[in-house]
Amino acid sequence: MKKTTTSRQSVSADLYDQPGHLMRRAHQITVSLFQEEVGEVVSPKEFAILRMIHETPDVDQVRLARLIGIDTSSAALTAAKLEKRGLIARTVSTVDRRLLSLRLTPEGEQLLDDTVSGVYRMREKLLSPLTESEQKVFMRLLRKFVHLHNDESRAPLWTQVDAAKPGKRKSET
């Protein structure tokens, strides 16, 4: 039997230098802090959907998915769940009858208002161990990383302008 040249120690140590592993851990930490600060009445994805509907009333489900970087089936399923909870209203679009337009209900507006302060507390807890300068660098590099790898996602984030256009993004043509 051939002996491998890679030691167990070097394999283990390498894991903690892998960006993917560290980002997975960072995601676990952010979800945990989200639940701690916001509660479990809304998930991070549901909060993103409510926030985007608030910012773009009557957005359709396809455009919504593009604007927050989730797949369209996930956006539709989550929107249906939020509608069932009375947080959003889905109506047939006046622009394209094949699409559903989304709008927050008064209950959805209230829930969003109630959770925003928790989201800001979560952000503060996440970034507070870093100096102000490190926070700026971290956020700049994180935005740059996400932007540079956006097209590699199974649900790329679109800009407001791109999301408003039918069809594919410029980079897909």
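Modelled spin labels at ARG97 and GLU36, positioned 7 Å past Cα toward Cβ, are 5.2 nm from each other. Every Cα-Cα pair of segment 5-155 was included, and the share exceeding 29 Å stands at 30 percent.
Could you sort the peptides 53-64, 108-119 by per-residue average Cβ neighbour count (10 Å cutoff), highest mean leading?
53-64, 108-119
Using the Karplus relation 6.51 cos²θ - 1.76 cosθ + 1.60 with θ = phi - 60°, the per-residue 3J(HN,Hα) values for segment 80-94 come to 4, 5, 5, 5, 4, 7, x, 8, 9, 10, 10, 10, 5, 5, 7 Hz, with x marking Gly and Pro. In plain terms, if you count all Cα to Cα distances in segment 12-68 and split them into 10 Å steps from zero, the share in each step is 20, 32, 31, 14, 3 percent. For VAL59, the residues 5 or more places off, or on other chains, whose built amide H falls under 5 Å of its own are LEU102.
For segment 28-168, lysine pairs separated by 8 or more sequence positions, or belonging to different chains, with Cα-Cα distances below 23 Å total 8.
What FRET efficiency comes out for LEU148 versus SER73 if R0 is 30 angstrom and r is the Cβ-Cβ distance? Round to the nearest 0.05.
Numbers: r = 26 Å, r/R0 = 0.87.
The pair LEU148/SER73 has a calculated efficiency of 0.70.
Between SER128 and ARG25, the modelled label-to-label distance comes to 2.2 nm, taking each label 7 Å out from Cα in the direction of the beta carbon.
Look at ARG123, ARG24 and count the other Cβ atoms within 10 Å of each Cβ; fewest to most, that gives ARG24, ARG123.
Since every read-out is calculated from the coordinates, none of them should be taken as a lab result. Just so it is clear, the structure is predicted and the values come from calculations on it, not from any experiment. Note: ideal-geometry Cβ built from the backbone for every residue, glycine included; neighbour counts use all protein chains shown.
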